[in-house]
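Engineer: One structure coming up, written as structure tokens, with questions to follow.
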Amino acid sequence: NSIYNGLIVSLRKPMTHGFEVVGNYTFSHALDNGQQGGGNSGEGQVGIPAIDPLNAKLEYGNSGTDPRNRFTASVVYAPTFAKNLTSPAAKQLLDGWSLASSFIAQNGSHYTGNVSGATAPSQAITGFTPGSTNASTVTYAPLDGSMGGAGITSPGANFAGRIAWVSPGAFVLPNLYNVDLRLTKNFSFKERYHIE
């Protein structure tokens, strides 16, 4: 089960005088009880068994797709000062420039603490059993391991699992900040062809 609540605010200033701005802000909260992601995307409890397969409420927590705050913006500046030039050479040189930037700032996504382990080696012990005069060898095989009852597979196999005493989605990745900048020039040939 997944629940998503969000508030989205958008602001847009249309292109005027060669200047355009678009901004979006999202405040949201996503919860689930074991979201499955595709491949190794790291969303929710991918391939991790529940602590108690009969009680899905124990797996309820922040989703792996829950950046609480997200802000995106784009700015475009295409100066128009060359549109009144009469010289074809000056117009070709100074017209058609565009400067664009996009910006992303968001909180880090949530993730769940998991444990894994290595299969313990079998131990062979040679000795005398009570009342025996001949030495015999006894092999001790390790038990299955995980923090939940669903982690039992075969004798000696280790199994990954969620840390039982920490709620799902309790950990948060670092915040993300990204800025992209683009400068372009549009060249026109015979008014039919354009190269940017």
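Engineer: Report the FRET efficiency, 1/(1 + (r/R0)^6), for residue 92 and residue 179, where r is their Cβ-Cβ distance and R0 is 41 Å, rounded to 0.05. Don't jump to the answer; show the numbers that get you there.
Structural biologist: Numbers: r = 31 Å, r/R0 = 0.75.
About 0.85, to the nearest 0.05.
Engineer: Please state the relative contact order of the range 46-98 as a whole percent: Cα pairs under 8 Å, 6+ residues apart?
Structural biologist: 25 percent
Engineer: Tell me which residues come under 5 Å, amide H to amide H, from residue 63 once H is placed; ignore anything under 5 positions away on its chain.
Structural biologist: 30, 31, 32
No lab work stands behind these numbers, since they all come straight from the coordinates. Every value quoted in this text rests on a predicted model; they were computed, and no experiment measured them. Quick reminder, even Gly has a Cβ in these numbers, built from the backbone with ideal geometry, and neighbours come from all protein chains shown.
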